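What follows is a short report on a single structure.
The values are calculated or read from the model by the stated rules, or taken from the named source; none is laboratory data. Since the structure is predicted, the reported quantities are computational estimates derived from the model, not experimental observations. Because the Cβ atoms are built from the backbone with ideal geometry, glycine has one as well, and the counts that use them run over all protein chains shown. In case anyone asks, the SASA skips ligands and DNA or RNA and just uses the protein heavy atoms, side chains included. Shrake-Rupley method; radii C 1.70, N 1.55, O 1.52, S 1.80 Å.
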Amino acid sequence: MPDSVEVTLPGGYSVQLTPTDADKVVWTGELYDASFQKLPDGPLTFTFTATNEYQTKTDKVTVVISGDWSEYFQNHRIQ
């Protein structure tokens, strides 16, 4: 199990995640910058780095930015 988990984004953004319990199975955290409001459409890759005293493992997750995030709320509002 990891002792630490860090998430990074291109441009020098990073955050250390926090385990939600003593078993360190689920981790939580938040990465925010005002510039994220203006991300261009297209792929964005998050790099997760999990480390313990014996090894370091890295995994990449790519998401696709598509449109303005506020449009999601406008499209799903119940009237």
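Estimated at the nearest 10 Å², the accessible area of Glu53 is 150 Å² with a 1.4 Å probe.
Averaged over residues, the count of other Cβ atoms within 10 Å places the peptides 8-21, 54-67 in the sequence 8-21, 54-67, highest first.
Rolling a 1.4 Å probe over the protein heavy atoms gives the chain an accessible area of 80 Å² per residue. Stretched out straight at 0.36 nm per residue, the stretch from Asp21 to Thr62 would grow longer than its current Cα-Cα span by 12.1 nm.
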